[in-house]
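The structure under discussion appears below in the form of structure tokens.
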Amino acid sequence: TIENLEKEDAWSTISAASRQVANSFRMASAHHGVPIALQETAAMVTFRFDLGPESNAARTLYTKLMLDKGFLAASAFYATTAHSPVDVEAFADAMDDVFCQMSKIWKNEGFLQALETPEAQSGFQRLT
């Protein structure tokens, strides 16, 4: 209920988690040289890889590598009151490791060659 949300100071918790994730994406992108375009609101962070024709392959590989680390991660993060600072820090650490791996892959072989599965489809392509 709204009363519970006010009592828990939910909005502060949600916006702090979202801010922390956005900052983590910025830092990992800059530190590892993997360009992204980032958008954020107080409760949501979205990003896309800014890598031209390999952007979708990068997105596919990011999801796979994050799954390997125990996170079901896509190109959007929706903060909730369930995301504790410890949870967000664990996500940020995993994401930084993944961006490090992706930087090496991009420089050595490219994302398309590194994929063990087909690229993820976007939009409504998969329905036709």
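The values are calculated or read from the model by the stated rules, or taken from the named source; none is laboratory data. Because the structure is predicted, anything quoted here is derived from the model rather than measured. Every residue, glycine as well, gets a Cβ built from its backbone with ideal geometry; the counts of neighbours run over all protein chains shown. Areas reflect the complete protein model, heavy atoms only, side chains present, ligands, DNA and RNA absent. Shrake-Rupley method; radii C 1.70, N 1.55, O 1.52, S 1.80 Å.
Scan region 4-18 and tell me whether some residue there is among the aromatic types (Phe, Trp, Tyr) and at pLDDT below 95. Looking for residues that are among the aromatic types (Phe, Trp, Tyr) and at pLDDT below 95, one finds at least one in region 4-18, hence yes. Taking every residue in region 97-112 that is aromatic (Phe, Trp, Tyr) and open to solvent by 10 Å² or more (accessible area, probe 1.4 Å) and pairing it with any residue that is modelled with pLDDT under 95 and not in a helix (DSSP H, G or I), at least 6 positions away or on another chain, the pairs with Cβ-Cβ distances below 8 Å are 106/51. Give me the residue from region 13-68 that is β-branched (Val, Ile, Thr) and crowded, with 19+ Cβ neighbours inside 10 Å and, out of that set, farthest from residue 111 (Cα to Cα). Of everything passing the filter in region 13-68, 14 is farthest from residue 111 (Cα to Cα).
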